[in-house]
Structures are given as C-alpha cells and as structure tokens.
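Engineer: Here it is, the structure in full.
The values are calculated or read from the model by the stated rules, or taken from the named source; none is laboratory data. None of the values given here were measured: they were computed from a predicted structure. Virtual Cβ from ideal backbone geometry, glycine too; neighbours counted across all protein chains shown. The accessibility values were calculated without ligands, DNA or RNA, using every heavy atom of the protein model including side chains. Shrake-Rupley method; radii C 1.70, N 1.55, O 1.52, S 1.80 Å.
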Amino acid sequence: MHLALLVIFLQCSGVYTQERVFTFNNVEIRAEPSAKVKNGAPMSIICHADISKSANFHLQHNITIFKDGKLVYMIVSDKEVARYEVPIARSADTGDYECTVKADGKTKSSKSLHVWVTGMTKPILTAEKREVLEGEVVKLRCELPEEVPPLQFLFRKTKTNSTPKEKLVFEAYRNFSTAEFSVEEGDNILYFDCFGKRFVKHTNFELESSEPSNRTLVTVKEPFIKPSLIIKSTSNITEGDRIEFECSTVVARMRDIEIILQKNKTILNSVRDEKLLKYSAVATLEDSGEYLCKVEQGRASKTTKLNVVVAELFPKPILSASMSKLDENKELTLSCSISGFRKANFSILRRNSNGDILLKNSRNLTVRVNVNDTGSYICKAEVKGIVKESKPVRISVYAPVSKPTLSVVSGLPEVVLGKPLQLICRLMMGTPPITFTFYKGNEVKKVVINDTYATFLDENIRQNDKRGYKCDARNNHSSGVKTSNILNITVIVPIRNASLGSIPYGDVEDGSGTAFLCSVEEGSWPIHFKIFKKTDHDTLLYEKTESTDRIVWHKETMSRQDTGTYYCMVSNRAKVNVKSHPITINVILASWQKGVIAAFVLILIVGAITLTVWWFLCKKKKAKESSMEMSRSALATNSTNEKLARQHNDGDYYSGSGYIEDGENHMKSTDENKGPDLESAEVEYTEVEVSTLDPHRD
C-alpha cells in the first residue's frame, strides 16, 4: 500500500513540474508616441516580455527600466507588460533606455533604446538692477530649472541701433549661470536676454539651443554730461599768440570726478573733484593738432575733441656755409636767413652733446677753422618770443695726411714660404676718413677707407717674388696723396729633408775618430744644426748655426760608450724643426788590441801544450821503471826455484847468472830498440809477462 502511494506521489509531482515550465522568447522596449519627443510633451516607456509557458499558470515578473545605466522604474506583477509614464518630457529625459525582466530565477534584458527629447525649456533671466549709471556693472542670472548640466549659457546685451554683445559661459555642475556687463558711454536703454545650450549625444555631441529667455530692460542714467572743450582766445591763432583752453562738464555728484586735457596722448593738464579745467600757452606751429578733453568717474568716461590750427608767423631759418669741406687754417663763413622775413634776432650755434654752444648773436659768422671745428652747426631766429631752429649743417675740417709707414704686423720684414703676409699701413697725422691703397710692385692689391691705419693680407707668397710693397694715403685735404717707402720682404724657405751620415759608417775602431755630416736638401740660411745621441733623454752632442746647407762635426776619439743611435735636428727662421733618419754607430776593438789578445791566447795555448807533453813524459818514465822492477823480481824467483829443483832431482848444478844477464841484455836491447817509438806514441799501460824456463831445453 505504501509503495502504491509513493508511485502516485511521484507521478503527481512530475505532472506539477511539467506544468511550471516557461521560457523567455524576447524582451522588447519601446517609446510612445515615438523615440523622438518634443520638450514638454507626455512620453511612455513600455517594456514587454514575450514568454512561452507549458501551461496556463500565474508567473510573477520583476520588471526594471534603466536610463543610461540608472534605475528609473521597477514593478513586480504577473503581467508581461510594464509602462513608465513621463507626463512632461524634458531634455533631461533624453538618454538610452533598457529594461530587464526576472521571473522564477530566469532573467532576460532588452536591447538599448535611445530616446531624444528635442528642445529645451525656456530659460529665466533676472537682473540685479533695472536702473544703473554709466560706468556701473549690470549683473545677470540665467537659469534652466528643469535641465541637467553640463550646460552652456549665452548672455546678450542689446542697445538701440547696435550689434548685440555676447558672453558665453560653460557650467559643468549647475543649471544656472551669471554674467556681468559694463555700462559704457552712450548707453541709454539696454535690453538683456539669454539662451541655454546642451550637448546632444546621438548627434556627435552637437549643441542644441533653447528659445530666448524673457527680455529684461535696464535704463541708464548719466553721472555727468559730455564735457565741453573751447578756446577762449581768437579763432585765428598765429604763432606767438597766447592760446587758452577750457574744459567743463555738469556732474550729478562731485566725488571722484577727474577732468584731463591731452594732445597726441600727452597729458597737458588735469584736475580732480572740479567741474572746470583751464590751460594756456604761447602758440607755436607744433601746437597745431587735435586736443581731447576727458571726464572720468569710476568706470564712466566721456570725451570731447577739438582740432586747433596755428598759423605760421615766419618760416624756419636757413643756415648756409661757404664750404662744407675745407682745409685747416682756411676761412669759413656761416650765414643765417629767413625767406621773405628780415626782422628777427639771429644766433649761430654749434651742436654739442652737453648742450649747444653759442658762437655769435648775429646773422653771419666768419672764422679761421682748425680740425677741432669739425661738427654740426645751426642757427636760431626769434620773433615775438617764437624761436625757430634751422636744419643742422655739417662742417668737416681736414688736416693733411702724413707720410704713411708700411710694416709687417709680426715685426720683421720676412715671411715663411706658404704662410700669409699681413702688412699694416699707419699714419701719424691726418683727418679721417682716410683712403689707404696697397701696392705689390705697381699692382694695386687693396683699397681701404679707415681712420688712422689699414691692413692687407697677402696669401700669394712665392719663393722668387722680388716685388716690393708700398701704400699710399689720402683724405679730402687739398695736399693730395702721400706714399710710403718700399718695403722689401725676405721669403724664408722652410727646411726640407734633413739627413745624417758618418765617416766611417757603421763600425768604428775604439780610439779612432769619426766625422758626422748633417745636411739639408733645401732651406733658407742661416741654418741651425744640432746632433743628438738617443738616450732616455736624448743628449745634445753638438750644435752650430751656419750660412750653409751642411756641417761636419769631428769627434776625435770614439769609445765603447759611444756605441748607439745618432740623429740631427735642423731648423731656420721658419721655426720648423726637421729631424733626420737615425744612424747606428758600433765601436769595435782596434787592430793592436786584437794582436795583443791573439798573442796572449797563443801563449796560453803553447803553455797548455807544453804542460801536456811534460805530463805525458813523466808518466811514461814512471811506467817503464815500474815494469823493469817487476821483471827483475820475477827472473830472480824463477832461477832460485829451478836450482832447487835440479839439485833435488838429478844432482846437477847450473848457474843461472849468465842467463839472467843475457836476459837482461836482451830486454835492455829490446827496450832501446823500442825507445824512439815510445817517445812518439801515446801513453799506454804495458803489461810484461815472464815465463818459466823449460829444464829439458838444453
């Protein structure tokens, strides 16, 4: 029974589970009436879930709607549709919408939908004051209460018959902004308004503008009236007349008011906290021009201009000179005149950096000049207190040039072949500017204009060039040209290819003399020769200066210490040291020294041979004596034994003395025959064998 109940329960559970099966087919989001809505119109965001079920059962849905990733609406319902109502759409509602549906552990999201609320709310503009004075500031505030930053605000100031002035302000975190406009001269009735702008995302961040704000009227009052500038004197003004200016205004309040009179940006006079300014001066031609009267109070400023023409009383004087360039000690006449006008007070002056020097209060001046009178001269004329000055006249007084001196800059009149030659031409006297001319032979090489000297660089120096140099000098003096003496230059040829030799060359006997020859292939005289021996610090052995291309140095006695390497160093006024190739000298023994050594060696050899022969003979004699003694001893023994034997055996008696003597004689003869051979033979060891006589021989 229990088993049957279990089976029934499992079957019922399977049926129940099968009835709760569902799946999301799709989740969609849309906007009504469309994804593009006008600002202020109603808008609905609808999320719909398309779900398939295994049976008709109730399913709870958790539906959420997001705008730009932020939750804006959420509902839990068994319905598959949710509506997010926006009764009045604003630009802040523009964005990307997305909805998500969750049910029984399953989640499904829709695609993103971009909704664009076109247009912006009308901004609200307020002004801090509706009535201001010139020079004050109008403070404005523009607000977009239903918009979300970042925003841009455009403020506009408009006055009658003029182009509006604009100010653009960016606000990153506020939906309002402020701006200030200064009230300028001439502003009377001003109108202000503003616009709002925002970035539109789906149009690549283009700006969308709102409609204009309310138009605000601001009236302007003048703190003072435009100033009046007049000349009290006659309308026709001539040089020498006194000219008087008056500048005045009407002001509402006197505090901090200032009146300024200026000409060409130069302030002539000014007053503070007063309504009237006065200025007077003696009129000159330079007083002609435009004058400006300016009244300032705070930021307010008003100006009035007046053009003034001053008639010329007399023209500028003209200074003339009898000569502008003249020799010293000549007479110079200066004359001052006014065209068509003779009644004037004249004076002639010389210009000076510390102030003009008065020469004479007269129309004419005649002087005998010197060099110090060179300079600029002017004349002045005075009529009715008006002083006018002429244009300056330049007077140049010349002293004659002295005879020039031509020399080499380095000092001596010589130059090394291949090096440039620099000459200088000097003057002791002469008024500049001076024209110098350099010649090589009769050929003009260079022309220089300078004050007291000039230089010339000749880079084309040849070995056999015999042409002399000269220079001449001249200025504006009537004496003409002065020429220097001719300067002859010595061309120094540098040393080339030095060599060193010796006699004898190579091996030199000890005690003998050696001649060293140092020579050069080319070079100007005198030449300085030096002969060195190479050591750790090369040793100078000989030096001499000669007007020749070679020298010979005799070293009288050479020793073994003189063995080594030698070279010579040569130089001249070109100051270039030229070193020869080195040579090697080997000091050997002299002939007599070799003979002495050979004799000594020969004596040693003969002595050694003599000692060897003597030793050999002594040894041979000793060997001979030893062998004879041994022979005698043996013979004596044998003879005795033989006698004893015969007596014992036969009874016969034989004397052995004769045999012994014969034997001795035989041996002696033999030795004598062999004597010469032994003397010439090498020393040898000789063994003598003595045999016993046969008894049966008889």
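Engineer: Return one number: the angle in degrees, 0 to 90 and rounded to the nearest 10, between the long axis of the Cα atoms of helix 591-649 and the longest principal axis of the Cα atoms of the chain.
Structural biologist: 40
Engineer: Against the longest principal axis of the chain, how steep is helix 2-19, in degrees 0 to 90 to the nearest 10, with axes from Cα atoms?
Structural biologist: Relative to the chain, helix 2-19 is tipped by roughly 70 degrees.
Engineer: For the range 22-118, what is the charge dipole size about the Cα centre, in debye to the nearest 20, if Lys and Arg each add +1 at the Cβ and Asp and Glu each add -1 at the Cβ? Show your work: numbers first, answer last.
Structural biologist: Values: 13 positive and 11 negative charges, 20 e Å.
I would put it at about 100 debye.
Engineer: Lys/Arg Cβ at +1, Asp/Glu Cβ at -1, dipole of the range 551-608 taken about the Cα centre: which of 571, 595, 558 is farthest positive-ward?
Structural biologist: The residue sitting farthest along the positive end of the dipole is 571.
Engineer: Roughly how far apart, in whole Å, are the Cα centres of the range 352-403 and the range 500-564?
Structural biologist: The two parts, judged by their Cα centres, are 78 Å apart.
Engineer: Further, regarding this structure: What longest range of the chain stays clear of loop-exposed GluC sites (Glu not before Pro) (DSSP non-H/G/I/E/B, at most 10 other C-beta within 10 angstrom)? Each step should come with its number before you reach the end.
Structural biologist: Values: sites that count: 459, 556, 682, 684, 687, 689.
The segment 1-458 is the longest one with no such site.
Engineer: At 1.4 Å probe size, with every protein chain present, just tell me what the per residue accessible area of the range 496-588 comes to in Å².
Structural biologist: Values: 5190 Å² over 93 residues.
Value returned for the range 496-588: 56 Å² of accessible area per residue.
Engineer: Okay, next question. Whole-Hz ³J(HN,Hα) for each residue in the range 564-571, computed from phi via Karplus 6.51 cos²θ - 1.76 cosθ + 1.60 with θ = phi - 60°, x for glycine and proline: what do you get?
Structural biologist: Per residue, the Karplus-derived 3J(HN,Hα) values read x, 10, 10, 8, 10, 10, 10, 8 Hz.
Engineer: Just grab the label-to-label distance for residue 485 and residue 414, each label 7 Å out from Cα along the Cβ direction, in nm (one decimal).
Structural biologist: Taking the two extended label points, one gets 1.9 nm.
Engineer: What translational diffusion coefficient, in µm²/s and rounded to a whole number, does the Stokes-Einstein relation yield for the range 228-308 at 25 °C and a viscosity of 0.890 mPa s, taking the hydrodynamic radius as the Kirkwood radius over Cα pairs? The partial results should precede the final answer.
Structural biologist: Values: Rh = 13.1 Å.
For the chosen part, D equals 187 µm²/s.
Engineer: Continuing with this model, one more query. With the full set of protein chains in place, find how many percent of the accessible area of the range 22-118 is carbon and sulfur; take the probe as 1.4 Å.
Structural biologist: Values: 2580 of 5140 Å².
Percent of accessible area from carbon and sulfur atoms in the range 22-118: 50.
Engineer: May I pose another question? Tell me the per residue accessible area of the range 124-221 using a 1.4 Å probe; a whole number in Å² is fine. Please list the in-between numbers first.
Structural biologist: Details: 5400 Å² over 98 residues.
Ligands and nucleic acids excluded, the result is 55 Å² per residue.
Engineer: Per residue of the chain, what 222 nm ellipticity follows from adding -39500 (n - 2.57) for every DSSP H run with n ≥ 4, rounded to the nearest 500?
Structural biologist: Computed mean residue ellipticity for the chain: -5500 deg cm²/dmol.
Engineer: Sorted from largest down, what three extents in whole angstroms do the Cα atoms of the range 405-492 have along their principal axes?
Structural biologist: On the principal axes, the range 405-492 reaches 41, 23, 17 Å in Cα extent.
Engineer: Next up: Of 67/167; 157/226; 330/388; 403/466; 139/159, which ones are farther than 26 Å apart at the Cα? Mind showing how you got there, number by number?
Structural biologist: Working: 67/167 34 Å; 157/226 23 Å; 330/388 30 Å; 403/466 24 Å; 139/159 16 Å.
Beyond 26 Å: 67/167; 330/388.
Engineer: So who's got an amide H within less than 5 Å of the one on residue 311, skipping anything under 5 residues away but keeping other chains? H placed 1.01 Å off N, in plane.
Structural biologist: Here 237, 238, 239 satisfy the definition.
Engineer: Can I ask one more? Kindly sort 614, 525, 116 by accessible area of their heavy atoms, largest first, with the probe set to 1.4 Å.
Structural biologist: Details: 614 160, 525 140, 116 50 Å².
Ranked from most to least accessible, the order is 614, 525, 116.
Engineer: A further question on this structure: Between residue 521 and residue 538, 0.36 nm times their residue separation minus their Cα-Cα distance comes to what? Numbers along the way, then the final one.
Structural biologist: Values: separation 17, 0.36 × 17 = 6.12 nm, distance 2.44 nm.
So the chain would gain 3.7 nm between residue 521 and residue 538.
Engineer: Largest first, how would 265, 388, 139, 197 line up by accessible area (1.4 Å probe)? Let's see the in-between values first.
Structural biologist: Values: 265 185, 388 15, 139 90, 197 50 Å².
Most to least solvent-accessible, the answer reads 265, 139, 197, 388.
Engineer: Here is a further query. One quarter of the convex hull surface, Cα atoms only: what value does that give for the range 496-588 in nm²?
Structural biologist: On the way: hull surface 22.1 nm².
Computed as one quarter of the Cα hull surface, the answer is 5.5 nm².
Engineer: Moving on to the next point. Provide the solvent-accessible area of residue 462, counting protein heavy atoms only and rolling a 1.4 Å probe, rounded to the nearest 10 Å².
Structural biologist: For residue 462, the solvent-accessible surface is approximately 150 Å².
Engineer: Can you give me the solvent accessible area of residue 552 with a 1.4 Å probe, rounded to the nearest 10 Å²?
Structural biologist: The accessible area comes out at roughly 80 Å².
Engineer: Gain in length, residue 560 to residue 21, computed as 0.36 nm per residue apart minus the alpha-carbon separation, to one decimal in nm? Kindly include the intermediate steps, with their values, before the conclusion.
Structural biologist: Working: separation 539, 0.36 × 539 = 194.04 nm, distance 12.80 nm.
Length gained between residue 560 and residue 21: 181.2 nm.
Engineer: What's the ranking of 219-226, 158-165, 304-311 by average number of surrounding C-beta atoms within 10 Å, highest first?
Structural biologist: On the way: 219-226: 16.5, 158-165: 11.1, 304-311: 13.8.
Output ranking for 219-226, 158-165, 304-311: 219-226, 304-311, 158-165.
Engineer: Then there is this: Have a look at 347, 412, 436 and report the one farthest towards the positive end of the charge dipole of the range 338-454, computed about the Cα centre with Cβ charges (Lys/Arg +1, Asp/Glu -1).
Structural biologist: It is 347, whose Cα lies furthest towards the positive end.
Engineer: May I pose another question? For residue 50 paired with residue 596, estimate the spin-label separation in nm (one decimal), with each label point 7 Å from Cα along the Cα-to-Cβ line.
Structural biologist: For the pair residue 50/residue 596, the computed spacing is 13.8 nm.
Engineer: With unit charges on the beta carbon (Lys/Arg positive, Asp/Glu negative), name the residue among 323, 612, 45 whose Cα is farthest towards the positive pole of the charge dipole of the chain.
Structural biologist: 323
Engineer: As a test of understanding, state the convex hull volume per residue of the range 270-423 from its alpha carbons, in Å³. Could you put the intermediate results ahead of the total?
Structural biologist: Values: hull volume 44.2 nm³, N = 154.
Spread over its residues, the Cα hull of the range 270-423 gives 287 Å³ apiece.
Engineer: Whole number in Å², please: accessible area per residue of the range 405-492, 1.4 Å probe, ligands, DNA and RNA not counted.
Structural biologist: Details: 5030 Å² over 88 residues.
Normalised by residue count, the accessible surface of the range 405-492 is 57 Å².
Engineer: When a/c is below 1.5 the answer is rounded, else prolate if a/b is larger than b/c, else oblate, so apply that to the chain with a ≥ b ≥ c taken from the square roots of the Cα gyration tensor eigenvalues.
Structural biologist: On the way: a/c = 7.07, a/b = 1.53, b/c = 4.62.
Judged from the Cα gyration tensor, the chain comes out oblate (a/c at least 1.5, b/c at or above a/b).
Engineer: Run a plain Debye calculation on the range 170-285 (Cα atoms as equal point scatterers, no solvent) and give log10 I(q)/I(0) at q = 0.12, 0.23 Å⁻¹, rounded to two decimals, same order as the q list.
Structural biologist: Cα-only, vacuum Debye calculation for the range 170-285: -0.69, -1.30.
Engineer: Placing +1 at every Lys and Arg Cβ and -1 at every Asp and Glu Cβ, with all other atoms neutral, what dipole size does the chain have around its Cα centre, in debye to the nearest 20? Mind showing how you got there, number by number?
Structural biologist: Working: 94 positive and 87 negative charges, 1376 e Å.
Using only the charged Cβ atoms, the result is roughly 6600 debye.
Engineer: Separate question: Which cross-chain or sequence-distant (5 or more) residues have an amide H under 5 Å from the amide H of residue 541, H modelled 1.01 Å from N in plane?
Structural biologist: Here 531, 532, 533 satisfy the definition.
Engineer: Using the Cα centre of the range 217-291 as the reference point, and only Cβ charges (+1 on K/R, -1 on D/E), how large is the resulting charge dipole? Debye, rounded to the nearest 20. Don't jump to the answer; show the numbers that get you there.
Structural biologist: Working: 11 positive and 12 negative charges, 80 e Å.
Approximately 380 debye in magnitude.
Engineer: Ignoring ligands, DNA and RNA, what percent of the accessible area of the range 452-502 is carbon or sulfur (1.4 Å)? Can you show the working numbers first?
Structural biologist: On the way: 1160 of 2830 Å².
Roughly 41 percent of what the probe reaches on the range 452-502 is carbon or sulfur.
Engineer: Using label points projected 7 Å from each Cα along Cα→Cβ, tell me how many nm separate residue 608 and residue 129, to one decimal.
Structural biologist: 14.1
Engineer: Compute the acute angle (0 to 90°) between the alpha-carbon long axis of helix 657-680 and the principal axis of greatest extent of the alpha-carbon atoms of the chain; round to the nearest 10°.
Structural biologist: 40
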